[in-house]
Amino acid sequence: MISSLLFAALALVSPALADEASAETCLKTKIWEGYNSGWAVRTATNATLGQGEHRIYLVTLYAGTEYKIMVCGDDSAVNADIVLYDSLGNEIGRDSTQDRDPVLLYKSGATDTFYIAVHATATKDGTAKAGLATAVTYK
Amino acid sequence: MLSSLLFVALSNLSACSEDSPAPVEPPRPVEPAGPAKLDLAALASAAENVALVPSPAEMQKALERAGIATGLSGLVADRTLKMDIENKDVIAVRTGVAMADALLTVKDAPPGKLTARLTLVKTGMTALGGGADIGATIDDINARITNNSVSREDLVKELDEIHGAIIPEIKFEAGERAVPLIQAGSWLEGSNLVSGAIVAANNETAGTELLRQPQVADYFLKYVAVEGAGKAPDAVLAQLQTTLTRLKEISSKPTLTLDDVKEVKAQTDAVLALL
């Protein structure tokens, strides 16, 4: 009931692009499921990307806090990837799956700024645009 | 004897066959290549700031993790934030402060105080031209708080989501600067309460863990200093610019001392006092 209300509210205040809607719904479901195991959401956002394209998000991560970065792709997404970089551009983690719903867990030793790269590595037929919804959650 | 010779010969032949090249393994299926590593210039030039700023609830958790037992909710002051003013930038900052106060007190504030804070958020959103739907959502939440028909745990989730997922997506009539300035208000209030808690605990090390966020101060400063250029000077925005400039300097240090934390408290107090 509560999540339905918020989904509806989000849809009303921010009409998503058609190919982003299913990605957004998938992500919202995961966010709400995450609350049952202690995860809370900092930010959720979405993007439409062609194969090989990426979106970069700057994030501040607290020392000692566990972070879970989640991506949900729509039906046009075949393989999405998450890569995490530190403030100097060193790669410090990437998801290891070949799917459209990757997850990356990370706990920093120091409070600092990081870059999250979300990639549409493969899309349907290599030509489709994929809707990718991304959330930064923490506990 | 002959059979022995034959056995030795056959054994040698067998040994020869063991020395022959190993059979070629069938080719492994080629795995699709993952994304190539990006360099720092590519990362920095394309980075978006939508996820940059920690939420007040996240600040509270980090504070607890740093071993400071003081809950932030008890430090939230009762405020009268006027939303019926001309300057939309100031309304956005005030709305962010009200949102932070609601988030930080959602678990234990008396129903009347919590609904009053949420009503302030709604008034600010309306003044910024955030549309009727966010107002209706807050009205619904307030009705359930008043009727005691929602748990505080569920309210935490709902307010978290409004702050982190719904507000950043709203297209405000007041313009694109409304969202970062709402975030700035929430972050300033959170930083003020966190620095106050660190000072009260006399904790020498927590400042580095909890307040060292130069990129966040820089992000807000760009909106206040550059995107605010050409607008009529306002006392709140002038103080906000001074405060953010100093916070950027302080939080750029590799280590923050207790005196630095005290200055963060004083600087954020100076902005909040004008609200």
Exercise. Name the residues in region B:87-132 that are in contact (Cβ under 8 Å) with a residue 24 or more places away in the chain, more than 30 Å from B:Thr70 (Cβ to Cβ) and among the aliphatic types (A, V, I, L, M), would you?
Worked result: B:Ile91, B:Met125, B:Ala127, B:Leu128
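Every residue, every condition in (1) in contact with a His (Cβ under 7 Å, 6 or more places away or on another chain); (2) at pLDDT 95 or above; (3) part of a helix (DSSP H, G or I), yes or no:
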| position | (1), (2), (3) |
| --- | --- |
| B:Asn142 | no, yes, yes |
| B:Leu159 | no, no, yes |
| B:Ile166 | no, no, yes |
| B:Lys171 | no, no, no |
| B:Gly190 | no, no, yes |
For this session: State all residues of region A:56-82 that are touching a helix residue (DSSP H, G or I) at 6+ places or on another chain (Cβ under 9 Å) and crowded, with 21+ Cβ neighbours inside 10 Å; if no residue qualifies, say none.
Result: A:Leu58, A:Thr60, A:Tyr62, A:Met70, A:Val71, A:Cys72, A:Gly73, A:Asp74, A:Ser76, A:Ala77
Exercise. Restricting region A:92-131 to residues that are assigned to a loop (DSSP other than H, G, I, E, B), in contact (Cβ under 8 Å) with a residue 12 or more places away in the chain and within 11 Å of another protein chain (Cβ to nearest Cβ), which is surrounded by the most Cβ atoms within 10 Å (Cβ to Cβ)?
Worked result: A:Pro102
Exercise. Here are A:Leu84, A:Leu58: which of them is outside any loop (DSSP other than H, G, I, E, B), within 15 Å of the chain's Cα centre (by Cα) and free of Cβ contacts under 8 Å to residues at least 40 places away in the same chain?
Worked result: A:Leu84
Problem set entry | Matching entry among A:Leu12, A:Leu6, A:Leu49 (being under 25 Å from B:Lys171 (Cα atoms), open to solvent by less than 10 Å² (accessible area, probe 1.4 Å) and either within 7 Å of chain B (Cβ to nearest Cβ) or at pLDDT below 95 (or both)) | A:Leu6
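Out of contact with any His (no Cβ under 8 Å at 6 or more places or on another chain), assigned to a helix (DSSP H, G or I) and open to solvent by 20 Å² or more (accessible area, probe 1.4 Å), is that true of B:Ala225?
Judged against the criteria, B:Ala225 is a match.
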Exercise. Given (1) of a type in the set (A, V, I, L, M); (2) surrounded by fewer than 17 Cβ atoms within 10 Å (Cβ to Cβ); (3) more than 8 Å from chain A (Cβ to nearest Cβ), where does B:Leu188 come up short, assuming only one miss?
Worked result: (2)
Exercise. Is it the case that B:Gly130 is within 14 Å of chain A (Cβ to nearest Cβ), over 18 Å from the mean Cα position of the chain (by Cα) and open to solvent by less than 20 Å² (accessible area, probe 1.4 Å)?
Worked result: yes
Exercise. Quick one: how many residues across region A:61-81 are part of a loop (DSSP other than H, G, I, E, B), polar (S, T, N, Q) and facing chain B (nearest Cβ under 7 Å)?
Worked result: 1
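The values are calculated or read from the model by the stated rules, or taken from the named source; none is laboratory data. Note that the coordinates shown come from a computational prediction; the quantities given were computed from them, not determined experimentally. Note that each Cβ is placed from the backbone with ideal geometry, even for glycine, and that neighbours are counted across all protein chains shown. Remember, those area values only see protein heavy atoms, side chains included, never the ligands or the DNA or RNA. Shrake-Rupley method; radii C 1.70, N 1.55, O 1.52, S 1.80 Å.
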